[in-house]
Amino acid sequence: MGHFGWPSGSRGILLMEIKQIKLSKMATFCYLVGDETTKTCALIDPAFNRKKILAEVKKGGYVVKYIINTHCHSDHTAGNAAMLASTGAQLLIHELDVEGLNSRLNRFFSRVLGGKGSPRPDILLKDGDVIEIGETALRVIHTPGHTMGSICLYSDGNLFTGDTLFVGAVGRTDLAGGSGEILLKSITDKIYPLAGDTIVWPGHDYGPAPNSTVDHEKATNPFTQQQGF
């Protein structure tokens, strides 16, 4: 459970494939991030529709190396057990969301949503960790506010924001570990300084489009306009 480093040697042009997979419940998005060189991939928040997700994995010819949860809520983690059993992958989540992931309440809601309680994670993440997927890499950006262990994942001009930032909205902050003040600080201090053309890939299909950009959210997101962006 140590710190991840960048792959050694020259990275060259990244051959990364992103598949945005809309799931059947709660308009949740799962993401397949595939490395074309090694045909390995990570799945981000594969909460529902195991067969649909695995069909995309098979279609791309990938082997799943990691399952990564952007946070502990059951609408993003209820499929962990089934996906781990199907793939043999390792489960990753931020160290501050482990307790929530394995709580009795989370297990209960996972069953309500048709899944199971999550196994314990294999690797605990921290801010700045880099998850290697072949020659592709995802950098962990700790963005608390929705939960204390919420993260975004950055790679090559793409940002997977979980429930921190949506298209035209932000994550709710009225559940355990949530804070509106902390959430806005995470967005303005850690997401908005990224390059304006960085693509925002949200955790739910709640907006007028399935993705956005940092510049667009700065200019139009009503929940962060009060911060001066």
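The values are calculated or read from the model by the stated rules, or taken from the named source; none is laboratory data. None of these values were measured; they are calculated from a predicted model. In this analysis, Cβ positions are derived from the backbone assuming ideal geometry, glycine residues included, and neighbour counts consider all displayed protein chains.
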inquiry  = It is to be established whether one or more residues within the range 46-67 are surrounded by fewer than 17 Cβ atoms within 10 Å (Cβ to Cβ), assigned to a loop (DSSP other than H, G, I, E, B) and not basic (Lys, Arg).
reply    = yes
Sole residue being without any contact (Cβ under 8 Å) to a residue 60 or more places away in the chain and either farther than 18 Å from GLY149 by Cβ or among the small types (Gly, Ala, Ser) (or both), chosen from ALA82, ALA42, ALA47 = ALA82
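Pick from THR77, THR40, THR70: which is β-branched (Val, Ile, Thr), buried (at least 21 other Cβ atoms within 10 Å of the Cβ) and in contact with a Phe, Trp or Tyr (Cβ under 9 Å, 6 or more places away or on another chain)?
Numbers: THR77 fails: in contact with a Phe, Trp or Tyr (Cβ under 9 Å, 6 or more places away or on another chain); THR40 fails: buried (at least 21 other Cβ atoms within 10 Å of the Cβ).
On inspection, the qualifying residue turns out to be THR70.
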key: ARG107 vs. criteria at pLDDT below 95, surrounded by fewer than 23 Cβ atoms within 10 Å (Cβ to Cβ) and not in a loop (DSSP other than H, G, I, E, B)   = yes
ask   = Is it true that some residue in the range 215-222 is surrounded by fewer than 15 Cβ atoms within 10 Å (Cβ to Cβ), farther than 30 Å from GLY88 by Cα and free of Cβ contacts under 8 Å to residues at least 12 places away in the same chain?
value = yes
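When you check GLY149 against the structure, is it outside any helix (DSSP H, G or I), touching a strand residue (DSSP E or B) at 6+ places or on another chain (Cβ under 9 Å) and at positive phi, yes or no?
Numbers: outside any helix (DSSP H, G or I): yes; touching a strand residue (DSSP E or B) at 6+ places or on another chain (Cβ under 9 Å): yes; at positive phi: no.
Answer is no for this residue.
To keep it simple, each residue is scored yes or no on (1) surrounded by fewer than 17 Cβ atoms within 10 Å (Cβ to Cβ); (2) within 19 Å of HIS94 (Cβ to Cβ); (3) within 19 Å of the chain's Cα centre (by Cα); (4) modelled with pLDDT under 95.
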site	(1), (2), (3), (4)
CYS152	no, yes, yes, no
PHE160	no, yes, yes, no
LYS190	no, yes, yes, no
GLY196	yes, no, no, no
PRO210	yes, no, yes, no
GLN226	yes, no, no, yes
